[in-house]
Amino acid sequence: MGEAVDRRDLLRTASLGAVGVGAGALLTAGAAEAGPDSARTGLRGTWTGTITREDGETNRVLFAFGADGLLSFHNTAGDSGTGQWRLTGARTFTCGFRHFVREADAFRGEVRVAYTGVLAADGASFTAEGTGTFIAPDGSTAPPVGVRTTATRYGIDPS
């Protein structure tokens, strides 16, 4: 059996990331500009935000959501990942995604993240909460870690 997964070590080395969209989805769906039409585009488009883990550590993140339900993300910890999302109501959504964890140029495992979120009535921001679970190469897991994300929409002019 492999070595046990230490939760503190996980919190130091595995950023839980945040949500974004694949390049193919961006090409087909386009980014939605913030503004009067934001509420009509729903979650589709590009976002910038902050992830706060339950231990208080924060990371800046870029998100995007494609019209086809694909997502990817990139954060300041250097994590990138992919997954899927779907609306669960007029302004609510759920998503799941994964990202790999590397340390000293070695594969350490992956983090599987599940989020639920709420889009603001004007469509210009969202909040999401969820958990991330680290899975080591031998299949052992660490307890889920709580994550909260807030984000605002941006469009072609990223200012």
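Lys and Arg at +1, Asp and Glu at -1: add these up for the other residues within a Cβ distance under 10 Å of Gly81 and post the number. With Lys, Arg at +1 and Asp, Glu at -1, the neighbours total 0. The local environment of Leu70, defined by Cβ-Cβ distances under 14 Å, has a net charge of +2 under the rule Lys, Arg +1 and Asp, Glu -1.
Taken together, the values in this text are just the output of simple stated rules run on the coordinates, not laboratory data. All of these numbers come straight from a predicted model, not from anything done at the bench. Glycine gets a Cβ as well: all are built from the backbone with ideal geometry, and neighbour counts include every protein chain shown.
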